[in-house]
Amino acid sequence: MTKLSVNINKVATIRNARGGNNPDVLKVAVDCEKFGAQGITVHPRPDERHIRYQDVRDIKPLITTEFNIEGNPIDKYIKLVLEVKPTQVTLVPDADNQITSNHGWDTVANKGFLTDVIGQFKEAGIRTSIFVDAEPKMVEAARMCGTDRIELYTEPYAAGYEANREEAIKPFVEAAEVAREMELGLNAGHDLSLQNLTYFHQNIPWLDEVSIGHALICDALYFGLEDTIKRYLACLK
Ligand SMILES: CC(=O)[C@@H](O)[C@H](O)COP(=O)(O)O
Ligand SMILES: NCC(=O)COP(=O)(O)O
């Protein structure tokens with residue numbers, strides 16, 4: 001079964017636009033679960049422009065499914081994750097002022113660093129995942145870092161889907177097969193949507209989890225949050 005983890009960053013972006021508490025990010029997290037989501041993802045960035053560090057602390061006790069915290073493991077992020085102890089931490093190599101994530105780790109060049117950070121999280125009992133591009137050698141090197149899972153960066157798949165989905169999926173199936181052979185857990189995310197999710201899942205049914213935020217929150221403007229979550233869950237059947 002592939003779990004749907006809803007990324008609520010965009011909900012925090014709307015809240016922060018006015019400085020108040022509308023929409024209420026904590027209520028949205030709880031409601032996503034109530035509507036069927038099997039996890040909540042947050043990606044606090046150093047400038048806290050959407051999810052704030054305090055949101056992460058406040059969400060944890062409210063979550064009854066899986067809590068996934070994504071981000072670049074700078075010191076204050078490592079401290080936050082070790083304090084909050086989510087179900088899963090996903091390491092993402094973001095630059096400070098990046099609009100959004102745009103690549104996976106070079107797990108070969110950063111093997112020493114990643115091994116050390118993964119070790120700290122695993123010692124604390126937190127499942128680990130490394131965000132990688134769909135390249136077999138990056139998947140293999142991620143395994144060498146000791147991680148439990150990888151998350152495939154799916155933006156290139158999403159971008160290529162409409163023109164030629166058979167070509168767009170190919171590197172992802174190849175990378176996913178390498179992960180499966182190495183007994184690495186497999187997550188995927190970035191720009192997955194109601195248009196491209198079913199085909200992705202049909203081709204890689206051994207996926208453990210997808211985390212979806214931007215497109216899902218946009219769809220919720222038209223369909224409402226409950227209906228939207230049900231539509232995404234249907235893509236994973
Ligand atoms: C790692 C990843 O792809 C997502 O976490 C994505 O970066 C969401 O972050 P934003 O909401 O800041 O775009
Ligand atoms: N890990 C990917 C994620 O959490 C959501 O990415 P997106 O759907 O907002 O592009």
Got at least one residue in the stretch 11-34 being of a type in the set (Ser, Thr, Tyr), closer than 23 Å to Asp227 by Cβ and near ligand 1 (Cβ under 10 Å from one of its atoms)? yes
One residue is enough: does the stretch 204-211 have a residue meeting the conditions buried (at least 19 other Cβ atoms within 10 Å of the Cβ), within 13 Å of ligand 2 (Cβ to nearest atom), outside any helix (DSSP H, G or I) and of a type in the set (Ser, Thr, Tyr)? yes
Can you find a residue that is crowded, with 21+ Cβ neighbours inside 10 Å and under 14 Å from Ser211 (Cβ atoms) anywhere in the stretch 154-175? yes
For the stretch 37-53, pairs from a residue that is in a loop (DSSP other than H, G, I, E, B) to a residue that is at pLDDT below 95, with Cβ under 6 Å and 6 or more apart or across chains, are Pro46/Asp96
Restricting to the stretch 37-84, name every residue that is more than 21 Å from Asn21 (Cα to Cα), within 16 Å of ligand 1 (Cβ to nearest atom) and either surrounded by fewer than 17 Cβ atoms within 10 Å (Cβ to Cβ) or of a type in the set (A, V, I, L, M, F, W, C) (or both). Ala37, Phe67, Ile69, Ile74, Leu80, Val81
Here is a check on your reading of the model: is Val92 in contact with a Gly (Cβ under 7 Å, 6 or more places away or on another chain), β-branched (Val, Ile, Thr) and either free of Cβ contacts under 8 Å to residues at least 60 places away in the same chain or away from ligand 2 (no atom under 14 Å from the Cβ) (or both)? yes
Yes/no for Ile78 being away from ligand 2 (no atom under 16 Å from the Cβ), on the phi < 0 side of the Ramachandran plot and outside any loop (DSSP other than H, G, I, E, B): yes
Among the numbered criteria (1) more than 16 Å from ligand 1 (Cβ to nearest atom); (2) more than 30 Å from Val84 (Cα to Cα), which single criterion is violated by Arg143? (2)
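The values are calculated or read from the model by the stated rules, or taken from the named source; none is laboratory data. Everything numeric here is computed off the predicted structure, so don't read it as measured data. Neighbour counts run over all protein chains shown; Cβ positions are idealised from the backbone, glycine included.
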